[in-house]
2 protein chains.
Amino acid sequence: MSALEYSPYAAACPSRQLLDRIGDRWSVLTIGTLADGPARYSAIAARVQGVSQKMLTQTLRALERDGLVTRTVFPEIPPHVEYELTDRGRSLREVLKPLEDWATSHMDDVAISRDEYDAR
Amino acid sequence: MSALEYSPYAAACPSRQLLDRIGDRWSVLTIGTLADGPARYSAIAARVQGVSQKMLTQTLRALERDGLVTRTVFPEIPPHVEYELTDRGRSLREVLKPLEDWATSHMDDVAISRDEYDAR
DNA sequence: CCGTATCCCCCCCGATACTG
DNA sequence: CAGTATCGGGGGGGATACGG
């Protein structure tokens, strides 16, 4: 399968795995947090409300594995770890941001639609 | 909470629920399929490979509930049902398409990064 | 401070069978 | 053709405890 033929509509296509990663709620919010610049683990955790330690670590590892985020450890005590978007991560953020904006700007209308639907 | 204050980073914010909906793999692929125009249930199922009957129906109902998709039943035998994006659905598709394109165009690089990471 | 390890519950989702 | 209903397995993810 050549690069031009990647199609997330195909079940076995690796690009679908990528869509899954992107679709993960914590990934989107984590990348969004890092959009403002490098951040420490605890700072990310504070921003992304509701994420558990386990899930945040898991998400960061996955993003690092995909080359979207770098992890820098400062050999200090207490430990100091910083995460930062790579160029690739920033390019992804550029397409994710409009999505985030869409969600916040259409939330009211969607809520109304839901109420109407449920009233039927 | 006013519209301007919606933030998906807040755990209880409804916009996060919307992000979850958007993040769902089947939602993205279903909306993508309908981007070409109205389609019948069976046509969508054929395009979105690997989706089960249950999940497709569930996804379409959710999209309809959110006012992103319309469902039109033609009273014929055998039954004929068409799904179509609403204006809102099309506006969402506009921000989803770049995401889909990003996934296919960066898949090769991501795959390489994963191999390198796993080799460590 | 930044994790890893373990347990365990919930619920998502696929498989299957049935219907208008 | 386009669903609905039901059952059951698997894994995502929370809670907790512990380590460097």
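FYI, it's all coordinate maths here, none of it is from the lab. These numbers come from a predicted model, not from an experiment. With ideal geometry, Cβ positions are generated from the backbone for all residues, glycine too; neighbour counts draw on all protein chains shown.
3J(HN,Hα) couplings calculated from phi for region A:105-120 with the Karplus curve 6.51 cos²θ - 1.76 cosθ + 1.60 (θ = phi - 60°) are, in sequence order, 7, 9, 4, 4, 4, 5, 4, 5, 4, 5, 4, 4, 4, 6, 6, 6 Hz; Gly and Pro show x.
Between copies, the label points of B:T72, set 7 Å from Cα on the Cα→Cβ line, lie 5.6 nm apart, reported in increasing order to one decimal in nanometres.
Comment: the Cα-to-Cβ extended label point of B:A43, at 7 Å, lies 5.0 nm from its counterparts in the other copies, nearest first.
Within the protein assembly as shown, the ratio Rg/Rh, alpha carbon atoms throughout and Rh by Kirkwood, equals 1.01.
Distances between placed amide hydrogens fall under 5 Å for B:T86 paired with B:V69, B:T70, all partners being 5 or more residues away or on another chain. The charge dipole of the protein assembly as shown, taken about the Cα centre with unit charges on the Cβ atoms of Lys, Arg (+1) and Asp, Glu (-1), comes to about 560 debye, rounded to the nearest 20. The alpha carbons of region B:3-119 stretch over 57, 37, 24 Å along the principal axes, in descending order.
Computed from backbone phi with θ = phi - 60° and the Karplus coefficients 6.51, -1.76 and 1.60, the 3J(HN,Hα) list for region B:83-96 is 10, 8, 5, 7, 4, 4, x, 5, 5, 5, 4, 4, 8, 7 Hz; x is used for glycine and proline. Per-residue Karplus couplings for region B:65-75, computed as 6.51 cos²θ - 1.76 cosθ + 1.60 with θ equal to phi - 60°, are listed in order as 4, 7, x, 9, 9, 9, 10, 10, 9, 8, x Hz, Gly and Pro entered as x.
Annotation: peptides A:6-15, A:25-34, ranked by per-residue average of other Cβ atoms within 10 Å with the highest first, follow the order A:25-34, A:6-15.
Summary for A:D108: label point 7 Å along Cα→Cβ; distances to the equivalent points in the other copies, ascending, 4.6 nm. For the rotation carrying A onto B, the chain A residue whose Cβ lies nearest the axis, with the distance in whole Å, reads A:G23, 2.
Scanning residues 5 or more positions from A:H80 or on other chains, those with amide H under 5 Å from its amide H are A:F74, with H placed 1.01 Å from N in the peptide plane. In this structure, the amide hydrogen of B:Q49, modeled 1.01 Å from its nitrogen in the peptide plane, lies closer than 5 angstrom to those of A:A11, counting only residues at least 5 positions away or on a different chain. Compactness ratio for region B:4-57: Cα radius of gyration over 2.2 N^0.38 Å (N = residue count) comes to 1.42.
Applying 1/(1 + (r/R0)^6) with R0 = 30 Å to the Cβ-Cβ distance of B:R120 and A:Q49 gives a FRET efficiency near 0.40.
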